[in-house]
Amino acid sequence: TNWQTVKSYEDILYHKTDGIAKITINRPHKRNAFRPKTVFELYEAFCDAREDTTIGVVLFTGYGPHTDGKYAFCSGGDQSVRGQAGYIDDEGTPRLNVLDLQRLIRSMPKVVIALVAGYAIGGGHVLHLICDLTIAADNAVFGQTGPKVGSFDGGFGASYLARVVGQKKAREIWFLCRQYNAQQALEMGLINTIVSVEQLEAEGIQWAKEILEKSPIAIRCLKAAFNADCDGQAGLQELAGNATLLYYMTLEGAEGKQAFLEKRPPNFRSFPWLP
Ligand code: 2NE
C-alpha cells in the first residue's frame, strides 16, 4: 500500500492512501497507552480525516510489535502521568480528553475500523469498542481494568458495551476485570472477525475498499441511525443533521434561501405534500 505521511507527530503516526486514512498510536514501550498529548494528536488527525472529503474510512491501530515482540492496540490511560484529577498534560493541567476523542470517533460521518493486535485494555478497550467495526488479530486480548487501577468509564465504556455484548457480559467484564482472547470476543459480538497478525492491515484495507464502493450518504445516514438508537438527543441531532444536509440538496430547500437572498416571498407551491 502506498501510504503517504500526512503529518509527523510525537505520539502517533498518520497516513493516507486512496480514500483511506490510517491513524496509529505510536507508544509501543507503553503498550500504546495514551497521555493527554497522544489524545490531542489523535483528535487532530481524526478531525483532519473527518474534514477530508476524499476519505471514507479510517483504520485505527497501534504500532507493533514492541522490541520485546509484544503487540498492543492500546492499554488505556498512561498511569504514570495520572494525577489527582486526571491525566496531566505538558502544562500541568489534569485532563480526561479521551472522552472528546470517543465522541469524535462515534459521531464522524466516516467508517472507523479498529485493527487490534495484542492488548486492547482499559481506556484502550473502550476506544476499539467505540469504533464502527473491529478486526482483531488472533493474538488480541480484550478487557477492562478500571476497578483494579482505581478508574472506570461509566459513559460509552459501560452503557455502549452493554448494548454490544449485553448487560450480563458487560457487568462481568467490568466487575471481574478478566482478559478475553479474540475467539471469546468474537463469540460475544465484541469484534467482527479474526485474522492473523500478518494479515491484519490487509484485511482492514479490504474491508475499507468494500465500504468505499458504497454510497457515502447511505453509509453516513446508517451510522447516524445506529448511533441515534443509543445516543438520545445527541444521536437524534446527528441523524437530523443528515436530513438537513439532504434537504439543502433539494430544489425545495434551495428555494427558501434563494427567496431570502432575492428579498421576495418564498414560493413552495410547486413542491408536493408527499404521502
Ligand atoms: C496491557 C498489559 C496487560 C500488558 O501486560 P504486559 O505484561 O505485556 O506488559 P507490561 O510489562 O505490563 O507493560 C510494558 C510496559 O508498558 C507499561 C508498563 O508499565 C511497562 O513499562 P516498563 O516496566 O517496561 O517501564 N504500560 C503498560 N500499560 C501502561 C499504562 N496503561 N500506563 C502506563 N504504562 C503502561 C499491562 O501493561 C497492563 O495491565 N497495563 C495497564 C492497563 C490499565 O490499567 N490501563 C488503565 C485503565 S484506566 C483507563 O484507561 C481510563 C479510564 O478507566 C477512564 C477514562 C480514561 C482512561
Fill in: Verdict on Thr61 being over 17 Å from Pro36 (Cα atoms), polar (S, T, N, Q) and in a loop (DSSP other than H, G, I, E, B)
no
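What number of residues within segment 67-107 satisfy the criterion of being hydroxyl-bearing (Ser, Thr, Tyr), assigned to a loop (DSSP other than H, G, I, E, B) and either away from the ligand (no atom under 12 Å from the Cβ) or under 20 Å from Gly143 (Cβ atoms) (or both)?
Here is the first cut: in segment 67-107, the residues hydroxyl-bearing (Ser, Thr, Tyr) are 67, 71, 75, 80, 87, 93, 107.
Now narrow it down to the ones that are assigned to a loop (DSSP other than H, G, I, E, B): 67, 71, 75, 93.
Keeping just the survivors that are either away from the ligand (no atom under 12 Å from the Cβ) or under 20 Å from Gly143 (Cβ atoms) (or both) gives 71, 75, 93.
Matching residues across segment 67-107 total 3.
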Discussion item. Taking the criterion of being β-branched (Val, Ile, Thr), away from the ligand (no atom under 16 Å from the Cβ) and farther than 29 Å from Ala182 by Cα, would at least one residue in segment 45-56 satisfy it?
Written reply: yes
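Within segment 169-228, which residues are under 30 Å from Tyr247 (Cα atoms) and either acidic (Asp, Glu) or modelled with pLDDT under 95 (or both)?
The first filter runs over segment 169-228 and keeps only residues under 30 Å from Tyr247 (Cα atoms), leaving 208-228.
Scanning segment 169-228 gives Glu210, Glu213.
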Discussion item. With more than 25 Å from Pro109 (Cα to Cα), at pLDDT 95 or above and surrounded by 13 or more Cβ atoms within 10 Å (Cβ to Cβ) as the only criterion, which of Gln258, Gln237 stands out?
Written reply: Gln258
Response to the item:
Checked segment 125-139 for anything within 12 Å of the ligand (Cβ to nearest atom) and either more than 16 Å from Leu104 (Cβ to Cβ) or at pLDDT below 95 (or both); matches are His125, Asn139
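For segment 213-223, state whether one or more residues are surrounded by 15 or more Cβ atoms within 10 Å (Cβ to Cβ), over 17 Å from the mean Cα position of the chain (by Cα) and part of a helix (DSSP H, G or I). Step through it out loud before you land on a result.
Filtering segment 213-223 for residues surrounded by 15 or more Cβ atoms within 10 Å (Cβ to Cβ) gives 219-223.
With the extra rule that they be over 17 Å from the mean Cα position of the chain (by Cα), the set shrinks to none.
Looking for residues that are surrounded by 15 or more Cβ atoms within 10 Å (Cβ to Cβ), over 17 Å from the mean Cα position of the chain (by Cα) and part of a helix (DSSP H, G or I), one finds none in segment 213-223, hence no.
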Worksheet entry | Gly123 vs. criteria surrounded by 23 or more Cβ atoms within 10 Å (Cβ to Cβ) and farther than 21 Å from Gly56 by Cα | yes
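Table: residues versus (1) surrounded by fewer than 22 Cβ atoms within 10 Å (Cβ to Cβ); (2) over 21 Å from Ile135 (Cβ atoms); (3) touching a Gly at 6+ places or on another chain (Cβ under 9 Å); (4) of a type in the set (Ser, Thr, Tyr).
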| site | (1), (2), (3), (4) |
| --- | --- |
| Val6 | yes, yes, no, no |
| Ile20 | no, no, yes, no |
| Ile25 | no, no, yes, no |
| Asp48 | yes, yes, no, no |
| Gly83 | yes, yes, yes, no |
| Asp90 | yes, yes, no, no |
| Thr93 | yes, yes, yes, yes |
| Met108 | yes, no, no, no |
| Ala117 | no, no, yes, no |
Discussion item. When you check Ala120 against the structure, is it within 12 Å of the ligand (Cβ to nearest atom) and at pLDDT 95 or above, yes or no?
Written reply: yes
Worksheet entry | Cβ pairs under 8 Å, 6+ apart, first in segment 60-79 and crowded, with 21+ Cβ neighbours inside 10 Å, second aromatic (Phe, Trp, Tyr) and not in a strand (DSSP E or B) | Gly62/Tyr71; Gly64/Tyr71
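Test Ile55 against the stated conditions and say whether it is more than 14 Å from Leu42 (Cβ to Cβ), of a type outside the set (Gly, Ala, Ser) and assigned to a loop (DSSP other than H, G, I, E, B). Explain how you work it out, then say what you get.
On the way: more than 14 Å from Leu42 (Cβ to Cβ): yes; of a type outside the set (Gly, Ala, Ser): yes; assigned to a loop (DSSP other than H, G, I, E, B): yes.
Yes.
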Discussion item. For segment 89-107, check the following and say yes or no: at least one residue is closer than 20 Å to Ile191 by Cβ and in contact with a Cys (Cβ under 9 Å, 6 or more places away or on another chain).
Written reply: yes
Practice prompt. Kindly indicate the residue of segment 140-162 that is surrounded by fewer than 17 Cβ atoms within 10 Å (Cβ to Cβ) and in contact with a Phe, Trp or Tyr (Cβ under 9 Å, 6 or more places away or on another chain) and also nearest to Leu96 (Cα to Cα) among those meeting that condition.
Written response: Phe152
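The values are calculated or read from the model by the stated rules, or taken from the named source; none is laboratory data. Since the model is a prediction, treat every value here as computed from it, not as a measurement. Note that we place each Cβ from the backbone using ideal geometry, even for glycine, and neighbour counts take in every protein chain shown.
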